[in-house]
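Please treat every number below as a calculation from the coordinates, not as lab data. Every value quoted in this text rests on a predicted model; they were computed, and no experiment measured them. FYI the Cβ positions are ideal-geometry reconstructions off the backbone, even for glycines, and counts take in every protein chain you see.
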Amino acid sequence: MHEFDLKKRTAIITGGAQGFGLDIAKRFLDSGAKVIIWDIDNDELSKASNELNNSNLSFNVVDVSDFKSVKDTVDEIVKSTNIDILINNAGITGSTSTLWDYNIEEWNKIVQINLMGTFNCCKFIVPNMIKNNYGRIVNVASVAGKDGNANASAYSSAKAGAIGLTKSLGKELADKNIAVNAVTPAGAKTRILDQMSKEHVARMLSKVPRGKFLEVEEFTSLICWLSSEENSFSTAAVFDISGGRSTY
């Protein structure tokens, strides 16, 4: 496994208490970074902290869809440290339903967390990166944002929005040593699959030429490179990790 040098870097990982986020936190810590994980679930945060058991780890209870929660937390963090890396990983898929039958409150919640949560975190963290002329931002989108998933219009729309946000922000910051990229995974072996019907999961898997779901460790390796100084040129880009489902 390739070792990345993240020493002297401080990273915020949203949705960091489980799944992708927890594995990213572990790999970042192994690479020498100071890691702050954000999650809305205090119990899961405590479990993650106990599991990782590292003096370079801290956590905050943050609702990324609440701009005041994000702003207040960032304001407190930058009093004592810079924020060098931001991984916008927090997200929910929601239930599966046709668009015309979709519950409007759930639609709004999905968009607020997946899209507005990414916006809120970037809005309040980017100024600290500009101040220090250094930053690496990775927005976790989805292949659904490129292809669209039937019966998941809210999630697909929110992730498409996150891709558009990435392209715009990356270009706005291109004259600085700040890289902004998105990743578009296909289905992965995480608890997020539990939110979906068995039929929906089977349909997702049938579209992947590799014939299997993404392993968390495979995903984390891509995130680590995008978050490191080795990624000195790629920005405003979308990195596919879908097992061949999407090729653009």
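Please tell me the relative contact order of region 62-131 in percent, rounded to the nearest whole number, where contacts are Cα pairs under 8 Å and at least six residues apart.
About 53 percent, as a whole number.
Need the list of aspartates and glutamates near residue 109 for cross-linking: C-alpha distance under 14 angstrom, and skip anything on the same chain fewer than eight residues off.
Straight-line reach from residue 109, under 14 Å: 63, 66.
Just to be sure I understand, if you calculate Kirkwood radius over Cα pairs in Å for this structure, which of (i) 18.0; (ii) 19.3; (iii) 19.9 do you get?
Only one option fits the structure, namely (i).
What's the magnitude of the charge dipole for the chain around its Cα centre, counting Lys and Arg as +1 and Asp and Glu as -1 at the beta-carbon? Answer in Debye, nearest 20.
On the way: 27 positive and 29 negative charges, 106 e Å.
My answer is approximately 500 debye.
With everything on Cα atoms, drop me the angle between helix 216-226 and the longest principal axis of the chain, reported from 0 to 90° to the nearest 10.
The angle comes out near 50 degrees.
List the pairs from 7/79; 34/131; 47/207; 34/159 whose alpha-carbon separation is above 31 Å, in the order I gave them.
From the list (7/79; 34/131; 47/207; 34/159), the Cα-Cα distance tops 31 Å for 47/207.
Go ahead and estimate [θ] at 222 nm for the chain from helices alone: -39,500 (n - 2.57) per DSSP H run with n ≥ 4, summed, over the residue count, rounded to 500.
Per the formula, -12500 deg cm²/dmol.
For residue 42 and residue 109, calculate 0.36 nm times their separation in residues minus their Cα-Cα distance, and state this gained length in nm to one decimal.
Going from the current span to full extension adds 22.2 nm.
Measure nothing but the geometry: give the 0 to 90° angle between the long axis through the Cα atoms of 19-30 and the longest principal axis through the Cα atoms of the chain, rounded to 10°.
The angle comes out at about 30 degrees.
List the longest stretch of the chain that has no exposed loop site; here a site is one of the trypsin sites (Lys or Arg not before Pro) assigned by DSSP to anything other than H, G, I, E or B, with at most 15 other Cβ within 10 Å.
Between the exposed loop sites, the longest stretch runs 80-175.
At 0.36 nm per residue, and after removing the present C-alpha to C-alpha distance, how many nm does the segment from residue 54 to residue 82 gain when stretched out fully?
Extra length available between residue 54 and residue 82 comes to 8.1 nm.
Using Cα-Cα distances under 8 Å and only pairs 6 or more residues apart, what relative contact order does region 10-241 have, in percent?
Relative contact order for region 10-241 comes out at 20 percent.
Could you list 219, 20 in order of exposure, starting from the residue whose Cβ has the fewest other Cβ atoms within 10 Å?
Values: 219 21, 20 25.
Listing 219, 20 from fewest to most nearby Cβ atoms yields 219, 20.
Tally Lys/Arg at +1 and Asp/Glu at -1 over every other residue whose Cβ is under 12 Å from the Cβ of residue 53; what's the total?
Values: positive: 26, 47; negative: 51.
It works out to a net charge of +1.
Excluding residue 98 itself, what net charge comes from residues whose Cβ is under 15 Å from its Cβ, given Lys and Arg +1 and Asp and Glu -1?
Result for the local shell: -2.
Mind listing the long-range amide H neighbours of residue 241? Cut-off is under 5 Å, sequence gap 5 or more, other chains count too, H placed in the peptide plane at 1.01 Å from N.
Answer set, sorted by chain and number: 184, 186.
Report, in degrees rounded to the nearest 10, the 0 to 90 angle that the Cα long axis of helix 117-132 makes with the longest principal axis of the chain.
In the chain, helix 117-132 runs at an angle near 20 degrees to the longest axis.
With θ set to phi - 60°, apply the Karplus curve 6.51 cos²θ - 1.76 cosθ + 1.60 along region 164-176 and write out the HN-Hα couplings as whole Hz, x wherever there is a Gly or Pro.
x, 4, 4, 5, 5, 5, x, 6, 5, 10, 5, 8, 10
What distance in nm lies between label points placed 7 Å from Cα along the C-beta direction at residue 66 and residue 194?
Result: 2.4 nm between the two label points.
Along the positive direction of the dipole of the chain (beta-carbon charges: Lys, Arg +1; Asp, Glu -1; about the Cα centre), which of 115, 16, 234 reaches farthest?
The one lying farthest along the dipole's positive direction is 234.
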